[in-house]
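J.: One structure coming up, written as structure tokens, with questions to follow.
The values are calculated or read from the model by the stated rules, or taken from the named source; none is laboratory data. Remember, predicted model here, so these are calculated numbers, not experimental data. We place every Cβ from the backbone using ideal geometry, glycine too, and count neighbours over all the protein chains shown. Heavy atoms of the whole protein, side chains included, go into the accessibility calculation; ligands, DNA and RNA do not. Shrake-Rupley method; radii C 1.70, N 1.55, O 1.52, S 1.80 Å.
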Amino acid sequence: MSDFRLSVAPMVDRTDRHFRFLVRQVSRGVRLYTEMVVDQGVLRGNRKRLLAFRPEEHPIALQLAGSDPKDLAEAARIGEAFGYDEVNLNLGCPSEKAQEGGFGACLLRDPKRVAEILRAMVGAVRVPVSAKMRLGLEGQETYPQLARMVERFAEAGVRVFIVHARSALLAFSTKANREVPPLRHGWVHQLKRDFPHLTLVLNGGVRTLEEALAHLVRVDGVMMGRAVYEDPFVLAEADRRVFGLERRPSRLEVARRMRAYLEEEMEQGTPPWAVLRHMLNLFRGQPGGRLWRRLLSEGRSLEALDQALGLLEEKVSQEGEEEDPGPKGHPQAALGLAREGV
């Protein structure tokens, strides 16, 4: 479970278990990350709600946030016990909440403390501990400073670095931090040249699989974020072109599998919208895509999904679009998919 070639970034209010399951229907090889989970939630909150995931989600990493070495080490141990393949420390979130809690990007002000945290986490678990970090703080970053931080964190036992190729501007909004600081992909490429023994994953501004493949010539992995949420089928060719798996699911095939998943989740008490909201972009840019989005947004129910599936299937049939063979989006067929697994 140590393939870092392509992954989906942790995104608050986005990469919950329902969205991760959807992405897994598109790509079996891509590495998945949880939303950022604060260590105190793991230690004192509802662990099952925060940490549960399905076996199909492997390989999957737990991203933790916090500032106390002992607490983060214990949270990492709990995450490993839940079955995560990796534990990741968030050193990149610039939000006000993160600053108030003393975690995320603001920890980069104190590299010594970060090293203590990472050393404690590495010592607590057997799975890989990775660091997801920015280039630096407040637009005052320099490459030598970045390289020194990576060197210091590597001395603490970290071998996997996910580098968001922007600085963190703590006085700016989270949205602005995704757009205002300039991208410096070249710095991440240089890190790999300077630290060939480490695993370097590039994050930030990668919108297409073609761009990811171009970076993979120079680094060990690429992490994509909002582009995947905006259209999960940006990963449609990932299994074939990155992982050597001969598969390319159709959008309808994924929608049918998600229909089966939703029915199972509803039996466990999950509200339909918790799943459906992540499916809105499943037909983005495709014929019928706007109708699909409207029906799901307005109906917010299993019945609305069945209606949308029926209309999309009819449209595909009329237009003669080639689709992978499979059962239609009706209850009995979907239950059959659920029994077969993915």
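J.: Only residues that are out of contact with any helix residue (DSSP H, G or I) (no Cβ under 9 Å at 6 or more places or on another chain), in a helix (DSSP H, G or I) and open to solvent by less than 10 Å² (accessible area, probe 1.4 Å): list them for the stretch 1-54, please.
T.: Within the stretch 1-54, no residue meets the criteria.
J.: Which members of the stretch 265-280 meet the condition of being more than 19 Å from K48 (Cα to Cα) and open to solvent by 20 Å² or more (accessible area, probe 1.4 Å)? Steps first, answer last, please.
T.: Within the stretch 265-280, the first condition is being more than 19 Å from K48 (Cα to Cα), and the residues that meet it are 272-273, 276-280.
P272, W273, R277, L280, listed by residue number.
J.: Given R152, R193, R148, R159, which one is among the charged types (D, E, K, R), over 27 Å from G289 (Cα atoms) and within 22 Å of the chain's Cα centre (by Cα)?
T.: Values: R152 fails: within 22 Å of the chain's Cα centre (by Cα); R193 fails: within 22 Å of the chain's Cα centre (by Cα); R148 fails: within 22 Å of the chain's Cα centre (by Cα).
Exactly one residue qualifies, and that residue is R159.
J.: Checking the conditions here, which among V234, V217, V150, V163 is at pLDDT 95 or above, over 19 Å from C106 (Cα atoms) and touching a strand residue (DSSP E or B) at 6+ places or on another chain (Cβ under 9 Å)? Working first, answer last.
T.: Numbers: V217 fails: touching a strand residue (DSSP E or B) at 6+ places or on another chain (Cβ under 9 Å); V150 fails: over 19 Å from C106 (Cα atoms); V163 fails: over 19 Å from C106 (Cα atoms).
From the options V234, V217, V150, V163, the qualifying one is V234.
J.: Any chance the stretch 173-180 includes a residue that's buried (at least 16 other Cβ atoms within 10 Å of the Cβ) and either under 22 Å from N281 (Cβ atoms) or of a type in the set (S, T, Y) (or both)? Talk me through it step by step, then tell me what you get.
T.: Quick first cut of the stretch 173-180, residues buried (at least 16 other Cβ atoms within 10 Å of the Cβ) only: 177-178.
Still in the running and either under 22 Å from N281 (Cβ atoms) or of a type in the set (S, T, Y) (or both): 178.
Looking through the stretch 173-180, at least one residue is buried (at least 16 other Cβ atoms within 10 Å of the Cβ) and either under 22 Å from N281 (Cβ atoms) or of a type in the set (S, T, Y) (or both).
J.: Regarding G104, is this residue under 18 Å from L170 (Cα atoms) and surrounded by 23 or more Cβ atoms within 10 Å (Cβ to Cβ)? Walk me through it before giving the result.
T.: Numbers: under 18 Å from L170 (Cα atoms): yes; surrounded by 23 or more Cβ atoms within 10 Å (Cβ to Cβ): yes.
For G104, the condition - under 18 Å from L170 (Cα atoms) and surrounded by 23 or more Cβ atoms within 10 Å (Cβ to Cβ) - is met.
J.: Please work out if Y229 is open to solvent by 10 Å² or more (accessible area, probe 1.4 Å), of a type in the set (F, W, Y) and under 30 Å from F283 (Cα atoms).
T.: Numbers: open to solvent by 10 Å² or more (accessible area, probe 1.4 Å): yes; of a type in the set (F, W, Y): yes; under 30 Å from F283 (Cα atoms): yes.
Taking the combined requirement at face value, the residue satisfies it.
J.: How many residues does the stretch 157-192 contain that are in contact (Cβ under 8 Å) with a residue 24 or more places away in the chain, more than 16 Å from Q145 (Cβ to Cβ) and not in a loop (DSSP other than H, G, I, E, B)?
T.: 7
J.: Look through A65, A76 and report the one residue that is open to solvent by less than 10 Å² (accessible area, probe 1.4 Å) and within 30 Å of N281 (Cα to Cα).
T.: Numbers: A76 fails: within 30 Å of N281 (Cα to Cα).
Selected residue: A65, the only one of A65, A76 that is open to solvent by less than 10 Å² (accessible area, probe 1.4 Å) and within 30 Å of N281 (Cα to Cα).
J.: Does at least one position in the stretch 292-309 carry a residue that is outside any helix (DSSP H, G or I), out of contact with any Lys or Arg (no Cβ under 8 Å at 6 or more places or on another chain), within 18 Å of V26 (Cα to Cα) and of a type in the set (G, A, S)?
T.: Residues of the stretch 292-309 that are outside any helix (DSSP H, G or I), as a first pass: 300-301.
The next check asks that each one be out of contact with any Lys or Arg (no Cβ under 8 Å at 6 or more places or on another chain); those that pass are 300-301.
Among the residues that remain, those that are also within 18 Å of V26 (Cα to Cα) are: none.
No, there is no match, as no residue in the stretch 292-309 is outside any helix (DSSP H, G or I), out of contact with any Lys or Arg (no Cβ under 8 Å at 6 or more places or on another chain), within 18 Å of V26 (Cα to Cα) and of a type in the set (G, A, S).
J.: I would also like to ask the following. For the stretch 193-207, enumerate the residues that are open to solvent by 30 Å² or more (accessible area, probe 1.4 Å) and either farther than 30 Å from R148 by Cβ or in a strand (DSSP E or B) (or both).
T.: Let us first name the residues in the stretch 193-207 that are open to solvent by 30 Å² or more (accessible area, probe 1.4 Å), namely 193-194, 196-197, 199, 205, 207.
Within the stretch 193-207, T199, R207 meet the criteria.
J.: If you don't mind, another one. V127 is checked against (1) open to solvent by less than 20 Å² (accessible area, probe 1.4 Å); (2) among the aliphatic types (A, V, I, L, M); (3) under 30 Å from E74 (Cβ atoms) and fails just one. What number does that condition carry?
T.: The one condition V127 does not meet is (1).
J.: Is it fair to say L276 is at pLDDT 95 or above, part of a helix (DSSP H, G or I), within 22 Å of V26 (Cα to Cα) and not β-branched (V, I, T)? Full working, then the answer.
T.: On the way: at pLDDT 95 or above: yes; part of a helix (DSSP H, G or I): yes; within 22 Å of V26 (Cα to Cα): yes; not β-branched (V, I, T): yes.
In short, yes.
J.: Okay, next question. Considering the stretch 232-264 alone, what residues qualify as being of a type in the set (F, W, Y) and open to solvent by 10 Å² or more (accessible area, probe 1.4 Å)?
T.: Step one: filter the stretch 232-264 for residues of a type in the set (F, W, Y), giving 233, 243, 261.
Selection gives F233, F243.
J.: Checking the structure you have, find out if any residue of the stretch 79-95 is open to solvent by 10 Å² or more (accessible area, probe 1.4 Å), under 30 Å from R251 (Cα atoms) and modelled with pLDDT of 95 or more.
T.: Yes, the stretch 79-95 has at least one match.
J.: Would you confirm whether or not the stretch 132-143 contains a residue that is part of a helix (DSSP H, G or I), crowded, with 17+ Cβ neighbours inside 10 Å, in contact with a Pro (Cβ under 9 Å, 6 or more places away or on another chain) and at pLDDT 95 or above? Please lay out each step first, then the result.
T.: Of the stretch 132-143, the ones part of a helix (DSSP H, G or I) are 143.
Of the ones still in play, those that are also crowded, with 17+ Cβ neighbours inside 10 Å are none.
The answer is no, given that none of the residues of the stretch 132-143 is part of a helix (DSSP H, G or I), crowded, with 17+ Cβ neighbours inside 10 Å, in contact with a Pro (Cβ under 9 Å, 6 or more places away or on another chain) and at pLDDT 95 or above.
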